[in-house]
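Each remark here refers to the structure printed beneath this line.
The values are calculated or read from the model by the stated rules, or taken from the named source; none is laboratory data. Keep in mind the model is a prediction, meaning the values are calculated, not measured. Quick reminder, even Gly has a Cβ in these numbers, built from the backbone with ideal geometry, and neighbours come from all protein chains shown. Protein only, heavy atoms only, side chains kept; ligands, DNA and RNA dropped before computing areas. Shrake-Rupley method; radii C 1.70, N 1.55, O 1.52, S 1.80 Å.
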Amino acid sequence: MQVLYQDDLNKQLNPAIADAFIDVRLATDDLRAFCRSLVAGVRRNRHEIDELLRKIADNWKLERMAAIDRNVIRLGTFEILFTETPDRIIINESIELAKRYGAKQSSQFVNGILDRVSNQHGKPEKRAADVAKPTPEKH
């Protein structure tokens, strides 16, 4: 999220600076690779993500959202759309980021937007599982 925030506010920032930031902040090669894959995915799909968020975020212009909230939401949206991680886990992690880095109401805002993303565009097997929960057998 911090690298995406930097990208958002410093459009001319050299990507090598973000890469060095990742190297300093994360302890293992696996974490660094995971972080780089998320950052690259958001960067690669940012136009599509932003267009979706413009449609979903009723009464909120993307440009008017707090920068932290906007980038937490972008990251969560990318994960919902393009990874295998369950939507609920993504939303919970995004809420925690919003609580840590955002304003007082950020976590509720992030939750509301990502919940809409998940409900409208989330993983089909997750939505189908929620609808078709098995009923207990009667003996």
- Residues in the range 101-122 that are open to solvent by less than 80 Å² (accessible area, probe 1.4 Å), closer than 16 Å to Met65 by Cα and assigned to a loop (DSSP other than H, G, I, E, B): how many? 2
- For residues in the range 51-80 being open to solvent by 50 Å² or more (accessible area, probe 1.4 Å) and part of a helix (DSSP H, G or I), which is farthest from Ile22 (Cα to Cα)? Lys55
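May I ask you to list the residues in the range 10-23 that are touching a helix residue (DSSP H, G or I) at 6+ places or on another chain (Cβ under 7 Å) and open to solvent by 90 Å² or more (accessible area, probe 1.4 Å)? Talk me through it step by step, then tell me what you get.
Filtering the range 10-23 for residues touching a helix residue (DSSP H, G or I) at 6+ places or on another chain (Cβ under 7 Å) gives 13, 18, 21-23.
None - no residue of the range 10-23 is touching a helix residue (DSSP H, G or I) at 6+ places or on another chain (Cβ under 7 Å) and open to solvent by 90 Å² or more (accessible area, probe 1.4 Å), so the list stays empty.
Filter the range 24-50 down to the residues that are farther than 16 Å from Thr83 by Cβ, among the acidic types (Asp, Glu) and surrounded by 12 or more Cβ atoms within 10 Å (Cβ to Cβ) and list them by number.
Residue satisfying the conditions is Asp50 alone.
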- Item | So Glu84, is it in a loop (DSSP other than H, G, I, E, B) and without any contact (Cβ under 8 Å) to a residue 60 or more places away in the chain | yes
- Task: Determine, yes or no, whether Leu81 is farther than 15 Å from Met1 by Cα, at pLDDT 95 or above and within 13 Å of the chain's Cα centre (by Cα).
- Result: yes
